[in-house]
1. Please find, within segment 158-174, the residue that is farthest from Glu119 (Cα to Cα) out of those that are in contact with a helix residue (DSSP H, G or I) (Cβ under 7 Å, 6 or more places away or on another chain) and of a type in the set (Gly, Ala, Ser).
2. Being more than 17 Å from the chain's Cα centre (by Cα) and among the hydroxyl-bearing types (Ser, Thr, Tyr) is the filter here, so list the residues in segment 38-60 that pass it.
3. Which one is least open to solvent (accessible area, probe 1.4 Å), of the residues in segment 90-132 that are part of a loop (DSSP other than H, G, I, E, B) and among the basic types (Lys, Arg)?
4. Take the residues in segment 71-89 that are of a type in the set (A, V, I, L, M, F, W, C) and under 9 Å from the mean Cα position of the chain (by Cα); name whichever of them is least open to solvent (accessible area, probe 1.4 Å).
5. Go through segment 159-177 and give me each residue that's within 11 Å of the chain's Cα centre (by Cα) and farther than 22 Å from Ile78 by Cα.
6. Can you name every residue in segment 196-215 that is closer than 12 Å to Leu167 by Cβ, part of a strand (DSSP E or B), in contact with a helix residue (DSSP H, G or I) (Cβ under 8 Å, 6 or more places away or on another chain) and hydrophobic (A, V, I, L, M, F, W, C)?
7. Being in a strand (DSSP E or B) and surrounded by 23 or more Cβ atoms within 10 Å (Cβ to Cβ), is that true of even one residue in segment 216-229?
Amino acid sequence: MTTIRILFFLLAAVVSRAQTPEPEVSIADTQRRTLTSAKIGQRYALLVSLPAGYAKSGQSYPVLYVLDGWHFPLMAFIQQNNVYSKRMRPVIIVNVSHGPTDYMALRARDFTPTRTAREANSGGAAVFLDFLEHELIPFVDRTWRTVPTDRGLLGHSYAGLFAIYALEQRPALFQRIVASPSLEWDGRLLLTAARDRLRILSTPVRLDLSVGDEGDNTDSTTAFAKILDELKPAGLDYRFTVYRGESHNSVRLVSFPAGLYWAYLPAP
């Protein structure tokens, strides 16, 4: 009987240990918050990467807003790498995530400026831009120590389309923009708008524009860059890079770090 009790105890211990969940991997100096937009009725996850030593520094930092939550691990790595490489000044990075379900439809809604047959749930960029300016940015400024006069925006694909839309509609909202966009939207609508809206900027903006040479956005992004070359917009400091051998998706791994390093170069 004693032997049976011992065997039962050992078996129970093994089962208990097998059912104990392993600890999750966490990234240092990161936080997760949620914010529900009254304007959109959508709950967004905010994946935040803070500069190393933020808690004790007492300093205020510029904020970089990154569209699409799946870029968070890469952004957090760039944040940590900057401590050692010193290629970019410390910033607060706020990734705006649509969550784990229906995110493709939701980003198409929020990032596109017009409603078209291409996407059934499109055309919400104006409302999303209002959300950024009047809900998200004030929330971030209340929650962390920020420099309100130094805001950046990073976007790729539809999010890059939105970044260019934000530049054209409210050029004073973001002072640094890194975009690898899909500009074919609605007959290249934003290329036409650029000729009217980007001649003179009310405040200085630094724009890093990029594209891979193996994607379906190469022609439209190159055409947009040529318009900027023609206009030479007052107040816009921009750079255009075509990354050889990169596709629409792979370009992010080279364009994000390089674009951010350039966009955050100290003023001469």
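The values are calculated or read from the model by the stated rules, or taken from the named source; none is laboratory data. Treat the numbers as computed from the prediction; the structure is a model and nothing was measured. In this analysis, Cβ positions are derived from the backbone assuming ideal geometry, glycine residues included, and neighbour counts consider all displayed protein chains. Remember, those area values only see protein heavy atoms, side chains included, never the ligands or the DNA or RNA. Shrake-Rupley method; radii C 1.70, N 1.55, O 1.52, S 1.80 Å.
1. Selected residue: Ala166.
2. Passing the criteria: Tyr54, Ser57, Ser60.
3. Here the answer is Arg118.
4. Residue satisfying both the conditions and the ranking: Met75.
5. Scanning segment 159-177 gives a single hit, Phe162.
6. Val205, Leu207, Leu209
7. no
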